[in-house]
1. Run residue 67 past the list (1) in contact with a helix residue (DSSP H, G or I) (Cβ under 8 Å, 6 or more places away or on another chain); (2) surrounded by fewer than 11 Cβ atoms within 10 Å (Cβ to Cβ) and report the number of the one that doesn't hold.
2. State which residue is surrounded by the most Cβ atoms within 10 Å (Cβ to Cβ) when the search covers only segment 33-50 and only residues that are touching a helix residue (DSSP H, G or I) at 6+ places or on another chain (Cβ under 8 Å) and either not in a loop (DSSP other than H, G, I, E, B) or not assigned by TED's automatic domain parsing to the domain that holds residue 103 (or both).
3. Could you tell me whether any residue of segment 55-67 is part of a helix (DSSP H, G or I) and within 29 Å of the chain's Cα centre (by Cα)?
4. Condition first: at pLDDT 90 or above and closer than 30 Å to residue 113 by Cα. Can you find one or more residues in segment 9-32 that meet it?
5. Does residue 128 satisfy the criteria of being in the same structural domain as residue 48 (by TED's automatic domain parsing) and either touching a strand residue (DSSP E or B) at 6+ places or on another chain (Cβ under 6 Å) or part of a strand (DSSP E or B) (or both)?
6. Hey, does segment 17-28 have a residue that's without any contact (Cβ under 8 Å) to a residue 60 or more places away in the chain, on the phi > 0 side of the Ramachandran plot and surrounded by 10 or more Cβ atoms within 10 Å (Cβ to Cβ)?
7. Which one of the conditions (1) assigned by TED's automatic domain parsing to the domain that holds residue 56; (2) surrounded by fewer than 10 Cβ atoms within 10 Å (Cβ to Cβ); (3) modelled with pLDDT under 90 does residue 174 fail to meet, given that it meets all the rest?
(Lines give C-alpha, C1' and ligand atoms only; values in the text may rest on other atoms or scores of the structure.)
Protein backbone atom coordinates (compact mmCIF):
# COMPACT_ATOMS: atom_id res chain seq x y z
CA UNK A 1 0.00 0.00 0.00
CA UNK A 2 1.48 3.29 -1.12
CA UNK A 3 1.52 6.52 0.81
CA UNK A 4 -1.46 8.03 -1.02
CA UNK A 5 -3.66 5.04 -0.17
CA UNK A 6 -2.70 5.29 3.51
CA UNK A 7 -3.58 8.98 3.55
CA UNK A 8 -6.90 8.25 1.82
CA UNK A 9 -7.95 5.58 4.31
CA UNK A 10 -6.76 7.71 7.23
CA UNK A 11 -8.87 10.66 6.07
CA UNK A 12 -11.83 8.35 5.41
CA UNK A 13 -11.57 6.85 8.90
CA UNK A 14 -11.39 10.31 10.49
CA UNK A 15 -14.48 11.41 8.57
CA UNK A 16 -16.39 8.33 9.71
CA UNK A 17 -15.34 8.82 13.33
CA UNK A 18 -16.21 12.52 13.13
CA UNK A 19 -19.64 11.75 11.67
CA UNK A 20 -20.36 9.21 14.42
CA UNK A 21 -19.24 11.65 17.11
CA UNK A 22 -21.40 14.47 15.71
CA UNK A 23 -24.43 12.18 15.42
CA UNK A 24 -23.95 10.92 18.97
CA UNK A 25 -23.70 14.44 20.33
CA UNK A 26 -26.76 15.61 18.39
CA UNK A 27 -29.08 12.69 19.12
CA UNK A 28 -27.88 11.41 22.49
CA UNK A 29 -26.53 14.51 24.25
CA UNK A 30 -28.33 17.47 22.73
CA UNK A 31 -31.46 15.49 21.73
CA UNK A 32 -31.85 17.63 18.64
CA UNK A 33 -34.39 15.61 16.67
CA UNK A 34 -38.14 15.57 16.05
CA UNK A 35 -40.46 13.12 17.78
CA UNK A 36 -43.85 12.35 16.27
CA UNK A 37 -46.56 10.78 18.40
CA UNK A 38 -50.32 10.58 18.86
CA UNK A 39 -52.00 12.63 21.54
CA UNK A 40 -55.53 12.92 22.92
CA UNK A 41 -57.82 15.13 20.86
CA UNK A 42 -60.94 17.06 21.90
CA UNK A 43 -63.73 16.14 19.45
CA UNK A 44 -65.82 19.14 20.58
CA UNK A 45 -63.31 21.70 19.33
CA UNK A 46 -60.80 19.84 17.12
CA UNK A 47 -60.99 17.75 13.96
CA UNK A 48 -59.66 14.47 15.27
CA UNK A 49 -58.65 11.12 13.85
CA UNK A 50 -61.38 8.66 14.87
CA UNK A 51 -60.26 5.09 15.37
CA UNK A 52 -62.51 2.27 16.51
CA UNK A 53 -61.02 -0.70 18.31
CA UNK A 54 -60.34 -3.61 15.95
CA UNK A 55 -61.84 -6.90 17.18
CA UNK A 56 -58.61 -8.63 16.17
CA UNK A 57 -56.54 -8.75 19.41
CA UNK A 58 -53.32 -8.65 17.36
CA UNK A 59 -54.18 -5.16 16.07
CA UNK A 60 -55.41 -3.07 19.02
CA UNK A 61 -55.36 -5.61 21.81
CA UNK A 62 -58.54 -6.53 23.65
CA UNK A 63 -61.59 -4.31 23.17
CA UNK A 64 -63.84 -3.49 26.13
CA UNK A 65 -67.11 -3.95 24.24
CA UNK A 66 -68.20 -0.40 25.13
CA UNK A 67 -68.47 1.71 21.94
CA UNK A 68 -67.56 4.87 23.85
CA UNK A 69 -64.38 3.45 25.38
CA UNK A 70 -63.47 1.58 22.18
CA UNK A 71 -63.52 4.78 20.11
CA UNK A 72 -60.35 6.86 20.24
CA UNK A 73 -59.95 10.51 19.23
CA UNK A 74 -56.35 11.46 18.50
CA UNK A 75 -54.18 14.04 16.78
CA UNK A 76 -50.56 13.87 15.66
CA UNK A 77 -47.92 15.86 17.53
CA UNK A 78 -44.45 16.78 16.26
CA UNK A 79 -42.11 18.14 18.91
CA UNK A 80 -38.37 18.51 19.25
CA UNK A 81 -36.95 16.03 21.73
CA UNK A 82 -35.05 18.41 24.03
CA UNK A 83 -38.30 20.27 24.81
CA UNK A 84 -40.06 17.11 25.95
CA UNK A 85 -39.94 16.60 29.73
CA UNK A 86 -39.03 13.23 31.19
CA UNK A 87 -42.40 11.98 32.42
CA UNK A 88 -45.00 9.35 31.69
CA UNK A 89 -47.26 10.54 28.81
CA UNK A 90 -50.18 8.61 30.36
CA UNK A 91 -49.95 10.82 33.46
CA UNK A 92 -52.47 13.71 33.39
CA UNK A 93 -49.86 16.14 34.72
CA UNK A 94 -47.31 15.20 32.04
CA UNK A 95 -46.99 17.87 29.32
CA UNK A 96 -44.78 15.78 27.02
CA UNK A 97 -47.15 15.99 24.04
CA UNK A 98 -48.36 19.55 24.56
CA UNK A 99 -46.78 22.39 22.60
CA UNK A 100 -45.74 25.38 24.66
CA UNK A 101 -46.73 28.94 23.81
CA UNK A 102 -44.78 30.16 20.75
CA UNK A 103 -42.68 26.98 20.88
CA UNK A 104 -40.67 26.43 17.73
CA UNK A 105 -40.49 23.06 15.98
CA UNK A 106 -43.72 21.96 17.63
CA UNK A 107 -46.98 21.46 15.74
CA UNK A 108 -50.24 19.53 15.68
CA UNK A 109 -51.60 17.64 12.71
CA UNK A 110 -55.37 17.25 12.58
CA UNK A 111 -57.46 14.94 10.46
CA UNK A 112 -58.48 15.73 6.90
CA UNK A 113 -59.27 13.78 3.76
CA UNK A 114 -55.63 13.80 2.65
CA UNK A 115 -53.98 12.29 5.74
CA UNK A 116 -56.64 10.05 7.29
CA UNK A 117 -55.32 6.46 7.59
CA UNK A 118 -57.21 3.59 6.06
CA UNK A 119 -59.90 2.36 8.42
CA UNK A 120 -60.07 5.63 10.36
CA UNK A 121 -62.40 8.60 9.89
CA UNK A 122 -62.42 12.31 10.67
CA UNK A 123 -64.92 13.87 13.05
CA UNK A 124 -66.70 17.19 12.58
CA UNK A 125 -66.71 19.19 15.86
CA UNK A 126 -70.05 20.85 15.00
CA UNK A 127 -71.79 17.56 14.26
CA UNK A 128 -70.20 15.88 17.28
CA UNK A 129 -71.40 18.67 19.58
CA UNK A 130 -74.95 18.38 18.25
CA UNK A 131 -74.97 14.61 18.68
CA UNK A 132 -73.27 14.73 22.09
CA UNK A 133 -74.40 17.94 23.84
CA UNK A 134 -72.47 19.00 26.90
CA UNK A 135 -74.58 18.80 30.06
CA UNK A 136 -72.92 21.76 31.76
CA UNK A 137 -76.01 23.98 31.32
CA UNK A 138 -78.23 21.61 33.29
CA UNK A 139 -75.58 21.25 35.97
CA UNK A 140 -75.21 25.03 36.24
CA UNK A 141 -79.00 25.43 36.55
CA UNK A 142 -79.12 22.87 39.35
CA UNK A 143 -76.25 24.63 41.13
CA UNK A 144 -78.10 27.96 40.71
CA UNK A 145 -81.28 26.53 42.24
CA UNK A 146 -79.31 25.11 45.17
CA UNK A 147 -77.59 28.46 45.68
CA UNK A 148 -80.94 30.29 45.69
CA UNK A 149 -82.32 27.79 48.22
CA UNK A 150 -79.29 28.32 50.45
CA UNK A 151 -79.73 32.11 50.22
CA UNK A 152 -83.42 31.82 51.13
CA UNK A 153 -82.54 29.62 54.11
CA UNK A 154 -79.95 32.13 55.29
CA UNK A 155 -82.48 34.95 54.89
CA UNK A 156 -85.09 33.05 56.93
CA UNK A 157 -82.57 32.35 59.67
CA UNK A 158 -81.56 36.02 59.74
CA UNK A 159 -85.17 37.16 60.00
CA UNK A 160 -85.85 34.64 62.79
CA UNK A 161 -82.80 35.84 64.72
CA UNK A 162 -83.88 39.45 64.32
CA UNK A 163 -87.40 38.62 65.62
CA UNK A 164 -85.97 36.83 68.63
CA UNK A 165 -83.75 39.82 69.36
CA UNK A 166 -86.70 42.21 69.23
CA UNK A 167 -88.74 40.01 71.60
CA UNK A 168 -85.83 39.75 74.00
CA UNK A 169 -85.39 43.53 73.94
CA UNK A 170 -89.06 44.06 74.73
CA UNK A 171 -88.88 41.73 77.73
CA UNK A 172 -85.81 43.48 79.03
CA UNK A 173 -87.50 46.90 78.70
CA UNK A 174 -90.54 45.68 80.69
CA UNK A 175 -88.43 44.33 83.54
CA UNK A 176 -87.31 47.64 85.23
CA UNK A 177 -90.82 48.80 86.30
CA UNK A 178 -91.38 45.48 88.09
CA UNK A 179 -88.02 45.80 89.78
CA UNK A 180 -88.86 49.34 90.90
CA UNK A 181 -92.26 48.20 92.21
CA UNK A 182 -90.72 45.39 94.18
CA UNK A 183 -88.12 47.75 95.60
CA UNK A 184 -90.78 50.24 96.56
CA UNK A 185 -92.78 47.61 98.39
CA UNK A 186 -89.66 46.53 100.22
CA UNK A 187 -89.05 50.13 101.29
CA UNK A 188 -92.61 50.53 102.60
CA UNK A 189 -92.35 47.31 104.59
CA UNK A 190 -89.10 48.46 106.14
CA UNK A 191 -90.57 51.82 107.21
CA UNK A 192 -93.61 50.09 108.73
CA UNK A 193 -91.42 47.76 110.74
CA UNK A 194 -89.38 50.66 112.10
CA UNK A 195 -92.55 52.52 113.18
CA UNK A 196 -93.83 49.38 114.92
CA UNK A 197 -90.60 49.11 116.91
CA UNK A 198 -90.89 52.72 118.01
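The values are calculated or read from the model by the stated rules, or taken from the named source; none is laboratory data. It should be emphasised that the depicted structure is a prediction, and the values quoted were computed from it without experimental measurement. Cβ atoms come from the backbone with ideal geometry, glycine included; neighbour counts cover every protein chain shown.
1. Only one criterion in (1) in contact with a helix residue (DSSP H, G or I) (Cβ under 8 Å, 6 or more places away or on another chain); (2) surrounded by fewer than 11 Cβ atoms within 10 Å (Cβ to Cβ) is unmet by residue 67, namely (1).
2. Applying the filter and picking the extreme gives 35.
3. To start, the set of residues in segment 55-67 that are part of a helix (DSSP H, G or I) comprises 57-60.
Going one step further and asking which of them are within 29 Å of the chain's Cα centre (by Cα), we end up with 60.
For segment 55-67, residues part of a helix (DSSP H, G or I) and within 29 Å of the chain's Cα centre (by Cα): present.
4. No.
5. No, not satisfied.
6. Checking segment 17-28: not a single residue is without any contact (Cβ under 8 Å) to a residue 60 or more places away in the chain, on the phi > 0 side of the Ramachandran plot and surrounded by 10 or more Cβ atoms within 10 Å (Cβ to Cβ).
7. Of (1) assigned by TED's automatic domain parsing to the domain that holds residue 56; (2) surrounded by fewer than 10 Cβ atoms within 10 Å (Cβ to Cβ); (3) modelled with pLDDT under 90, only one is false for residue 174: (1).
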